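The values are calculated or read from the model by the stated rules, or taken from the named source; none is laboratory data. Note that the structure is a prediction, hence the values are computed from the model and not measured. Reconstructed Cβ throughout: ideal geometry from the backbone, glycine too, with neighbour counts over all protein chains shown. Note: areas computed on protein heavy atoms with side chains; ligands, DNA, RNA excluded. Shrake-Rupley method; radii C 1.70, N 1.55, O 1.52, S 1.80 Å.
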Amino acid sequence: MIFYFSGTGNSQRTAIQMSEILGDEIVSMNKYLKKGEKDTFHSEDPLVFVAPTYSWKMPKVVDGWIRETKFEGNSNAYFILTCAGSVGNAAAYAKELCAEKGLCFCGLALLIMPNNYVALSNTPDETEYKGILKKAGERTASLAALIKKGEPFPEIPVTFKDKIVSGPVNGLFYTLFVHDKGFAASDACTACGKCVKRCPLNNIRLVDKKPVWNGNCTHCMACIGGCPAEAIEYKSASRGNRRYYIMED
C-alpha cells in the first residue's frame, strides 16, 4: 500500500508511478488530514510512504499522521522523500518512527524532483523540470524493483553536517519560516477558492472573496504554487519567482 503527502504534486506523481509499477493501492494522506479522520489500514504488501523533504527531514504533518494511524498486515516500511537536493539524516528519524510503530524499517530513499519552494526560491523552467521528472521516473522504477524483490533501499551515508541540518537546523526552520503570516493575495485574485480546497490542513478560508490564512500552515506550497491567477505572494520573497504545480486534483 502506497501512502503520499503532496503540496504541489512531486510526491503525488511519484506515488502514482510507484502504484502503477507495483500494482498496489494508493492512499492520499492529504485527504485524511483535510477530513481530520483516523483510520486503520490493512495491507498484504509492504507499506510505502512518499513525502516531500522539509528542511532535510520528513514533514511534521506526515510524521504525526503515521503516528496516529494504525497499520495491520505487512509491517515492512519503505520511505521515499522527494526533494531538490539532500535528505540529510532523515533516515534516522524514519527508523525511529518505525521502531515506535512496530514497523520494520526497510530504508529511506532520496528522489530528486523539481524545486517547488516558490515562497523563498525560484523554480525550474518547463524544459528543466521536465528533464528532472524524466530522471525521477527512472529512479522511481529502480526503487520499485527493490520493493518487488523485498530488498531494502541502500543506506545513505550520513555526515556530521547531515545530523545538524536534520536536527537543530530543522527545528529553527520550523520556528522561523513555517508559518503563514507572510501569505497574502493581490487584486489579481478571482476568488476561485482553489487554495481553500487544496489546502490539506484547512488553513485557508475566503473572507470578502479573498483568502485568509488561519495560523496552521505547513508550507506545502499548494496555495501559492497552484493559484491559477498567480495572485498569492509570500511577503516580497516570492515576487518574480516561477510557480510550480503538477498536482492532479
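By its C-alpha gyration tensor, with a ≥ b ≥ c as the square roots of the eigenvalues, how is segment 179-234 shaped: rounded for a/c under 1.5, else prolate for a/b larger than b/c, else oblate?
Working: a/c = 1.41, a/b = 1.35, b/c = 1.04.
The shape class here is rounded.
Which FRET efficiency value, to the nearest 0.05, is calculated for A229 and E68 with the Förster distance at 51 angstrom and r the Cβ-Cβ distance?
Working: r = 36 Å, r/R0 = 0.70.
Once the sixth-power term is evaluated, E becomes 0.90.
At 0.36 nm per residue, minus the direct Cα-Cα distance, what do I164 and K149 gain on full extension? Give it in nm, one decimal, please.
Working it through step by step, the gained length comes to 2.0 nm.
Would you mind working out the accessible area per residue for the chain, using a 1.4 Å probe, and quoting it in Å²?
Here the residues of the chain average 48 Å² of exposed surface.
Can you pull the one-decimal nm distance between simple spin-label points at K38 and D187, each 7 Å off the Cα toward Cβ?
4.9
For the chain, what is the charge dipole size about the Cα centre, in debye to the nearest 20, if Lys and Arg each add +1 at the Cβ and Asp and Glu each add -1 at the Cβ?
That gives a dipole near 640 debye.
Tell me, what is the FRET efficiency for T175 and T127 to the nearest 0.05, using R0 = 45 angstrom and their Cβ-Cβ distance as r?
E(calc), rounded to 0.05, equals 0.75.
Tell me what the chain gives for mean residue ellipticity at 222 nm when only DSSP H runs of n ≥ 4 count, each as -39,500 (n - 2.57), the sum divided by the residue total, rounded to 500 deg cm²/dmol. The partial results should precede the final answer.
On the way: 9 runs with 91 residues, N = 249.
Helix-only estimate at 222 nm: -11000 deg cm²/dmol.
Give me the count of lysine pairs in segment 75-187 whose alpha carbons sit under 22 angstrom apart, restricted to pairs 8 or more positions apart or on different chains.
Taking the Cα cut-off of 22 Å, the pair count is 7.
For segment 102-249, what relative contact order do you get, as a whole percent, if you take Cα pairs closer than 8 Å and at least 6 residues apart?
RCO, segment 102-249: 30 percent.
Expressed in nm², what is the orientationally averaged projection area of the convex hull enclosing the Cα positions of segment 69-215?
11.9
Would you mind putting 224-234, 144-154 in packing order, based on average other-beta-carbon counts within 10 Å, highest first?
Those peptides, ordered most packed to least, come out 224-234, 144-154.
Could you give the angle, 0 to 90 degrees to the nearest 10, between helix 126-149's Cα long axis and the longest principal axis of the Cα atoms of the chain?
Helix 126-149 sits at roughly 30 degrees to that axis.
Strictly under 4.7 angstrom between C-beta atoms: which cysteines of the chain have no such partner?
So, C83, C98, C104, C106, C189, C192, C199, C217, C220, C227.
Expressed as a whole percentage, what fraction of the accessible surface of the chain belongs to carbon and sulfur atoms when a 1.4 Å probe is rolled over the protein heavy atoms?
52
Put a dot 7 Å past each Cα toward the Cβ at E25 and D208; how far apart are the dots in nm?
Result for the modelled spin labels: 4.7 nm.
Any number yet on Rg/Rh for the chain, C-alpha, Kirkwood?
0.96
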